1. Restricting to DSSP H runs of at least four residues, report the calculated mean residue ellipticity at 222 nm for the chain, -39500 (n - 2.57) per run over all residues, nearest 500 deg cm²/dmol.
2. Take the alpha-carbon centre of the range 393-424, take the same for the range 23-86, and report the distance between them in whole Å.
3. Can you tell me the relative contact order of the chain? Whole percent, Cα pairs under 8 Å, sequence separation 6 or more.
4. For a quick protection proxy, order the peptides 228-239, 30-41 by their average other-Cβ count within 10 Å, most packed first.
5. Suppose every Lys and Arg Cβ carries +1 and every Asp and Glu Cβ carries -1, with no other charges. What dipole size does the range 93-161 come out with about its Cα centre, to the nearest 20 debye?
6. Can you list residues whose amide H is under 5 Å from G101's amide H, if they're 5+ apart or on another chain and H is modeled 1.01 Å from N?
7. Out of all DSSP beta bridges in the chain, what portion is antiparallel? Express it as a percent rounded to 5.
8. Provide, for q = 0.15 Å⁻¹, the log10 of I(q)/I(0) from a solvent-free Debye sum over equal Cα point scatterers in the range 169-314.
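Here, each number is a calculation from the coordinates, and none is a lab measurement. Source: prediction; values computed, not measured. Every residue, glycine among them, receives a Cβ derived from its backbone with ideal geometry; neighbour counts consider all protein chains shown.
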Amino acid sequence: MSDRLYIFDTTLRDGEQVPGCQLNTVEKIQVARQLEALGVDVIEAGFPVSSPGDFNSVIEISKAVTWPTICALTRAVEKDIEVAAEALKYAKRKRIHTGIGTSDSHIKYKFKSNREEIIERAVAAVKYARRFVDDVEFYAEDAGRTDNEYLARVVEAVIAAGATVINLPDTTGYCLPSEYGAKIKYIMEHVDNVDKAILSTHCHNDLGMATANTISGVLNGARQVEVTINGIGERAGNTSLEEVAMVFKCHKDLDIITNINTQKIFPTSRMVSSLMNMPVQPNKAIVGRNAFAHSSGIHQDGVLKNVQTYEIIDPHDVGIDDNSIVLTARSGRAALKSRLTALGIELSQEKLDKIYQDFLKLADKKKDINDDDILLLAGEERKNNHRIKLEYLQVTSGVGIRPVASIGLNIAGESFEDSASGNGPVDAAINALKRIIHRKMTLKEFTIQAINKGSDDVGKVHMQVEYDGHAYYGFGANTDIVAASVEAYIDCINKFNI
Ligand code: KIV
Ligand code: ZN
C-alpha cells in the first residue's frame with residue numbers, strides 16, 4: 001500500500017516573511033481557501049505573537065477553512081504559546097508549532113546557553129503547548145547543522161513530552177541531499193520513540209537544493225513536508241509545493257501519495273504570485289511560463305509526433321488549460337467571471353462589473369488577455385481604498401528633449417497637480433509627484449518586467465522606497481511603463497505610516 005505524505009503549507013508564514021510579500025487578512029483568507037481547495041493537510045497561518053495582524057489572520061483563517069489543520073508558530077516561550085492557543089480558538093483542527101535552535105552556533109550565540117538547558121526549554125515548551133492542544137509540532141531550528149547524536153536526544157525528549165510532529169529544518173539551506181537524507185535516517189534509527197511522531201522536512205533553497213533535500217528526507221522516512229507555493233520564502237525561498245507534489249505524481253514507483261489536487265496548482269501559483277506581487281521566474285519548474293514551452297525545432301517536431309517524447313507532465317494535470325488565453329475585447333462578463341472563478345477569485349456582482357470595465361479598457365490596448373492580466377485587474381480592485389491615487393499622468397519625452405511630466409493625484413478625496421522635468425520620463429514623473437508629496441524618500445530598487453510576449457504587454461514594476469529609516473515595497477502594472485512606475489511609487493507611499 002502507498003504511504004501518505006502530509007503537505008504542510010507555510011506560504012502564509014515563512015513565505016509571507018519575505019519583504020514586500022505581506023498580505024492583509026482578506027488576502028490571506030483568499031489564499032487559505034485556495035490552499036484548502038488544493039488539498040493541503042496543514043496551513044501554517046502565522047506567528048500570532050509577532051503582530052496583531054498575524055494574530056488576527058490566524059483567527060480569521062481558522063474561521064474560514066474547515067478541512068486542513070491550522071497551525072500557529074511560536075518560540076519556546078510561554079507567552080508565545082498562550083497567544084497562539086488564543087488565536088487558534090476557532091480552528092476545527094489546530095496545531096501549535098513550537099521550537100528552539102539546536103545547532104551549536106544557535107545554542108552558543110543566539111541563546112548563550114548549553115545543550116542540556118536547550119533540551120529542558122524544548123521539553124517545557126512542548127509540555128506547555130500540550131496543555132492547550134493535542135497536536136504539537138516541535139521544530140529544531142538549524143537541525144541541518146545540528147550534530148545528529150545531540151539532535152536524536154532532543155527529538156526523543158520532545159516526543160516523550162508529547163510532540164506529535166518533529167520538524168527538522170535545514171534553516172540555512174546548507175545540507176546536501178545525501179546529508180539531509182542521512183540525518184532523517186539517523187533519527188529514524190536512533191530515536192526509540194520515533195514511531196510516536198511524524199518526521200517533517202523544512203528545507204530552504206540557499207544552494208538550490210531545497211526540493212532535492214526534501215525528497216531525500218521523504219525517501220528516508222519523513223512523512224510530512226513543509227513547503228510554499230512557488231517556493232517563496234526567506235532569502236532564496238523554501239521548498240516549492242508544486243515540485244514535491246509533481247515528483248511523487250510522476251514517480252509512481254516511489255509509492256508515496258499526497259492529497260494534492262494537482263489541477264489546482266497553476267491557479268494557486270498565479271493567485272499567490274499576483275497577491276504577493278512576486279513574479280514567478282519564467283523557467284520555474286512546473287509553474288514557470290516556459291515550463292511547457294518547447295522552442296527548439298527538434299523538440300517541437302518530437303512533441304508534435306508524440307507529446308511523451310519531451311513532456312513528462314501533461315500541462316492539464318497542473319491546471320494549465322488552453323482556455324487561459326482566449327479572453328478578448330469581445331468576451332462577456334460570464335467568460336470573465338468563469339476565468340476568475342477558475343483562478344480562485346470570487347467577486348460580488350458590483351466588483352465584477354467594475355473589473356469588467358477595466359478589462360474592456362485593457363482589451364482595447366492589448367490583443368490577448370491572459371490569466372496574469374486578469375489577476376492584475378482583480379488586484380487593482382484592492383487599490384480602490386488607497387489614500388493616495390493617481391488621477392492622471394502626462395509625459396513628454398523623446399530624443400533630444402528633456403522629458404517633462406504633469407501629474408494629478410487624489411489624496412484623501414482632494415485633487416492636487418504639478419509638473420516637473422527629469423533625466424528620463426520616470427524621473428520626470430517622480431519629480432512631479434515629489435512636488436506634491438513633500439517627504440524625504442529615496443528610491444532604492446526599481447525593476448520593470450514584461451509578463452508575456454508582445455510590445456502591447458503589461459509592464460510590472462517592483463519598487464523599494466526608503467522613508468524614515470524603513471524600506472517600503474510597492475507594485476504597479478500598466479501597459480504604459482511610466483504609469484506603472486508611478487503606480488508602484490504611490491503604492492510604496494500608501495504604506496508609509498503618515
Ligand atoms: O527555517 C526554519 O528553521 C523555520 C522554523 C521557524 C520552523 O522556519
Ligand atoms: Zn523556514
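1. Numbers: 15 runs with 185 residues, N = 498.
For the chain, the value works out to -11500 deg cm²/dmol.
2. Here the answer is 43 Å between Cα centres.
3. That works out to 10 percent.
4. Details: 228-239: 23.8, 30-41: 21.8.
Going from most to least packed, we get 228-239, 30-41.
5. On the way: 13 positive and 12 negative charges, 71 e Å.
Value, rounded to 20: 340 debye.
6. E141
7. Percentage antiparallel, nearest 5: 50.
8. -0.84
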